[in-house]
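Q: After the structure tokens below, expect a handful of questions from me.
Bear in mind these aren't lab numbers, they're just calculated from the coordinates by the rules spelled out. Computed from a predicted model, the values in this text were never measured in an experiment. Positions of Cβ are backbone-derived with ideal geometry, glycine not excepted, and every protein chain shown enters the neighbour counts.
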Amino acid sequence: MKICKVNSLPLKEVIESLAVYFETEAQEKCGEYIFNIPSGFGEGQIRGLNFDNGLGVIIYSCRFHNDVRIDFTVDDVHPVKYIYSVQGTIEHSFANEDEMHLIEQYQCAIIASKSKSGHILFFKKDTNIEVVSLEIDRKTFLVHTECEVEDLAAELQELYQDTTAKKEFYHKGFFGLDFKNLLDNMSKYSDKMLIRKYYLESVALQIFVNQLLQFEDDLLKDSESSILRINELKRIEDISQYIKDNLTGDLSINSISKKTGLNPNKLQLGFKYIHGSTVNEFVTGAKLDKALQLLQDPNLNVSDVVHQVGFDSKSYFSKIFKKKFELTPSVYQQICLTK
């Protein structure tokens, strides 16, 4: 295992210190510090940038040949970290504790160490890693936002006002859909550094704001939550297949909501995101697509098809079938049978 001990701040010095452990040098481009990982250690980049508002970003986009541990050990109050795993899995522990926290793909952890205790990040070998760490210097941050902090959830208000790090803080959850586009585009404008600098600052602010909203959403009951998380998309995919396989079953919003464990609002968000339609639109479309197949069977008449795809009214079925396919079911069937 390769162990890197970083005992410096700000991010300029963090990146320069890491570069030394990987036997290379960091380059500065418009305030962003970057180094490429030499082939002997792996591949990829680590880059970091501080902003005047107290926020900073470290981006780990890499793959290591051996396990790597980074110890952040500066003898000072450490920034609050928002660690997002866009790809791969990493582990975190507080420097004064043995317990390891697993941060899986699509998870975010809000982390603050106590007093001057640091952080340890562990990267497994032969694993593609894309991790974004939003770093928040509480003292600088409060200079700009001391008044506004009072409107935050009590836990976050206490966290940001704790400039001497009296308490440890750890909160983890899957991040919402809004984060995916933000985090996936962190490498934009790499050839236009001035644009990139201000773009990254705007993204850092968006991530920060979105995380405030998501933290408050995390505190709600499942029935009240309104932010769809990336890991919940699998439930949408699974229920979509269930709908196609059970066209004559109870496919009401409430029934589907119970089967997925997602409240109706999140259910609709998921269908809009994946299918570009509401739940009812998807159900109707699935029934019509199946009807299109069944009408090609010479042993079935239109009434049989209506029954098999779960419609109660033949006239209603004919109306929406014609609207979608520009033919009545009877005409479509005749065309199929004469081929």
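Q: Between the helical axis of 264-275 and the dominant principal axis of the chain, each derived from Cα atoms, what acute angle in degrees is found, rounded to the nearest 10?
A: That works out to roughly 90 degrees.
Q: Extending each Cα 7 Å along its Cβ direction at residue 154 and residue 23, get the distance between those two points in nm, one decimal.
A: Result: 5.5 nm between the two label points.
Q: Let me ask something else about it. Could you tell me the extents of the range 111-151's C-alpha atoms along the three principal axes, largest first, rounded to whole Å?
A: 46, 23, 16
Q: Next question, about the same structure. Please give the calculated 222 nm ellipticity per residue for the chain, where each DSSP H segment of at least 4 residues contributes -39500 (n - 2.57) and the sum is spread over every residue; nearest 500 deg cm²/dmol?
A: Values: 12 runs with 139 residues, N = 339.
Per the formula, -12500 deg cm²/dmol.
Q: How would you rank 288-296, 327-335, 131-139, highest first, on the average number of other Cβ atoms within 10 Å across their residues? Walk me through the numbers before you get to the answer.
A: Values: 288-296: 17.3, 327-335: 15.7, 131-139: 20.7.
Per-residue mean Cβ counts within 10 Å order the peptides as 131-139, 288-296, 327-335.
Q: Taking only the Cα atoms of the range 1-134, how large is their convex hull per residue, in Å³? Could the numbers behind the result be given before it?
A: Values: hull volume 12.8 nm³, N = 134.
For the range 1-134, the hull spanned by Cα atoms encloses 96 Å³ per residue.
Q: Please turn the phi angles of the range 147-155 into ³J(HN,Hα) values with the Karplus equation 6.51 cos²θ - 1.76 cosθ + 1.60 (θ = phi - 60°), one per residue in order, whole Hz, x for glycine and proline.
A: Once θ is set to phi - 60°, the couplings for the range 147-155 become 5, 5, 4, 5, 8, 7, 4, 3, 5 Hz.
Q: Which whole-Hz couplings ³J(HN,Hα) result when phi for each residue of the range 321-331 is put into the Karplus expression 6.51 cos²θ - 1.76 cosθ + 1.60, θ = phi - 60°, listed in order with x for Gly and Pro?
A: Per-residue couplings from phi come out as 5, 5, 4, 7, 9, 6, 9, 6, x, 5, 5 Hz.
Q: If you count, for each residue, the other Cβ atoms within 10 Å and average over each peptide, how do 214-223, 113-122 line up from highest to lowest?
A: On the way: 214-223: 13.6, 113-122: 18.4.
Ranked by mean Cβ neighbours within 10 Å, highest first: 113-122, 214-223.
Q: Using the scaling law 2.2 N^0.38 Å as the reference, what is the normalised Cα Rg of the range 230-338? Working shown, then result.
A: Working: Rg = 15.2 Å, N = 109, 2.2 N^0.38 = 13.1 Å.
Ratio of Cα Rg to 2.2 N^0.38 Å: 1.16.
Q: Could you work out how far the C-alpha centroid of the range 60-90 sits from that of the range 191-226, in angstrom?
A: Each part's Cα centre sits 19 Å from the other's.
Q: Compute the length gained on full extension between residue 308 and residue 99: take 0.36 nm times their separation in residues and subtract their Cα-Cα distance, giving the result in nm to one decimal.
A: Length difference between fully extended and current span is 69.7 nm.
Q: Please give the direction-averaged projected area of the C-alpha convex hull for the range 155-209, in square nanometres with one decimal. The partial results should precede the final answer.
A: Details: hull surface 20.8 nm².
Quarter of the Cα hull surface area: 5.2 nm².
Q: Oh, and also: Collect residues whose amide H, placed 1.01 Å from N in the peptide plane, falls under 5 Å from the amide H of residue 5; neighbours closer than 5 in sequence don't count.
A: Result for residue 5 returns 71.
Q: Now a separate question. Equivalent-ellipsoid semi-axes (√(5λ), Cα gyration tensor) for the range 140-234, whole Å, largest first?
A: On the way: eigenvalues 125, 98, 23 Å².
For the range 140-234, the semi-axes come out at 25, 22, 11 Å.
Q: Would you please give the FRET efficiency between residue 30 and residue 258, computed as 1/(1 + (r/R0)^6) with r the Cβ-Cβ distance and R0 = 41 Å, to the nearest 0.05?
A: Numbers: r = 52 Å, r/R0 = 1.27.
It comes out at approximately 0.20.
Q: Also: Residue by residue through the range 186-196, what is 3J(HN,Hα) from phi via Karplus (6.51 cos²θ - 1.76 cosθ + 1.60, θ = phi - 60°)? Round to whole Hz and write x for glycine and proline.
A: 5, 9, 5, 6, 5, 9, 10, 5, 5, 4, 4
Q: Enumerate the whole-percent occupancy of each 10 Å bin, from 0 to the last occupied one, for all C-alpha pair distances of the chain.
A: P(r) for the chain, in whole percents per bin: 5, 21, 25, 17, 12, 10, 7, 2, 0.
Q: Working out 0.36 nm times the residue gap between residue 339 and residue 326, then minus their Cα-Cα distance, what length gain in nm do you get to one decimal?
A: Details: separation 13, 0.36 × 13 = 4.68 nm, distance 1.88 nm.
Full extension from residue 339 to residue 326 adds 2.8 nm.
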